[in-house]
Amino acid sequence: MQTHSITSEIREHAEKLGIAPATLTSRAVQNSRLYHHLEGGGDCTTRTIERIRQWIADHPPIAEKAKAS
């Protein structure tokens, strides 16, 4: 599965937002343990990955919002 890719995406976006990766997954899919599960070699459904990516797309960092205006 795309586990390495999604953990990288989560980590990078969380850093841009100034939050922990677990906070991002909590907000995106109501599962604060998911990031650590994935980092430990676990997996998740494609639907969960899609929901996380959609949340990331819907919540850009503040600096990017200002550029878009």
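The values are calculated or read from the model by the stated rules, or taken from the named source; none is laboratory data. Source: prediction; values computed, not measured. A quick note on method: Cβ atoms are made from the backbone with ideal geometry, for glycine too, and the neighbour counts reach across all protein chains shown.
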Cross-chain or 6+ apart pairs with Cβ under 7 Å, the range 42-60 first and surrounded by 12 or more Cβ atoms within 10 Å (Cβ to Cβ), then at pLDDT below 95: Asp43/Met1; Asp43/Thr3; Ile49/Gln2
Answer residue from the range 17-54, given it is of a type outside the set (S, T, N, Q), part of a helix (DSSP H, G or I) and farther than 19 Å from His4 by Cβ and is nearest to the chain's Cα centre (by Cα) among those: Arg27
Number of the condition not met by Thr46 [criteria: (1) in contact with a helix residue (DSSP H, G or I) (Cβ under 9 Å, 6 or more places away or on another chain); (2) polar (S, T, N, Q); (3) more than 17 Å from His59 (Cα to Cα)]: (1)
Residue in the range 2-20 that is among the acidic types (Asp, Glu) and at pLDDT below 95 present: no
